[in-house]
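The values are calculated or read from the model by the stated rules, or taken from the named source; none is laboratory data. It should be emphasised that the depicted structure is a prediction, and the values quoted were computed from it without experimental measurement. For accessibility, only protein heavy atoms count, side chains too; no ligands or nucleic acids. Shrake-Rupley method; radii C 1.70, N 1.55, O 1.52, S 1.80 Å.
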Amino acid sequence: MSVSRSLFVTFECGEGGGKTTHVALLAKHLRALGMDVLDTKEPGSPHSGICQEIRGTLLRERPEQFDSLAEMLLFYADRRQHLMKVTTPALNRGAVVLCDRFNDSTLAYQGARGVSREVMATLRNLTLGEFQPDLTLFLDPGEEEA
């Protein structure tokens with residue numbers, strides 16, 4: 001079975017909610033059907049060294065916390081690199097791309113840290129233009145499940 005067109009699906013939820021597990025399960029199922037599937041994540045796509053370096057910077061322990069805008073700029077730098085070097089080429093070849101987190105996570109986390117909606121919209125437009133997922137799955141497990 002082959003896909004007649006590419007598809008970009010993102011998975012969103014809080015920590016421990018099952019995004020990574022669901023991406024892996026769906027990728028395995030779609031591959032069993034003969035589909036070209038790329039499973040990836042943000043930040044730090046395993047398919048991009050630069051994205052992995054940005055993730056390392058974001059996760060590294062340090063004595064001071066990132067300024068909320070500086071942190072958001074790193075997330076958008078990762079997202080742009082990921083889009084241009086990983087996601088778009090896969091979509092152009094007709095693959096199904098499954099992504100663990102995308103723009104909604106940035107809006108939730110950095111928005112909660114006080115970055116204005118106007119700044120977030122500007123960065124989103126500069127980074128992604130009109131690009132958006134074909135489908136976003138929001139997982140909302142209960143506390144016990146998570």
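Quick notes on this one:
- Between 0 and 90 degrees, the angle of helix 49-59 with respect to the longest Cα principal axis of the chain falls at about 40 degrees.
- Heavy-atom accessible surface of the chain, averaged per residue, reaches 58 Å², computed with a 1.4 Å probe.
- Once the Cα-Cα distance is subtracted from the 0.36 nm per residue extended length, the residue 80 to residue 31 segment shows a gain of 15.0 nm.
- Counting only the Cα atoms, the range 38-100 fills a convex hull of 70 Å³ per residue.
- Taking amide H positions as modeled 1.01 Å from N, with prolines and chain starts lacking one, the residues under 5 Å from residue 137 and 5 or more places away or on another chain are 10, 11, 12.
- In order along the range 107-114, the phi-based Karplus estimate (6.51 cos²θ - 1.76 cosθ + 1.60, θ = phi - 60°) of 3J(HN,Hα) comes to 4, 5, 6, 6, x, 5, 8, x Hz; Gly and Pro are listed as x.
- Relative to the compact-globule estimate of 2.2 N^0.38 Å, the Cα radius of gyration of the chain comes out at 1.07.
- Equivalent ellipsoid dimensions for the range 62-140 as semi-axes, Å, which come from the Cα gyration tensor, largest first: 24, 14, 13
- Computed over the chain, the per-residue total of -39500 (n - 2.57) for DSSP H runs of n ≥ 4 gives a 222 nm mean residue ellipticity of -14000 deg cm²/dmol, rounded to 500.
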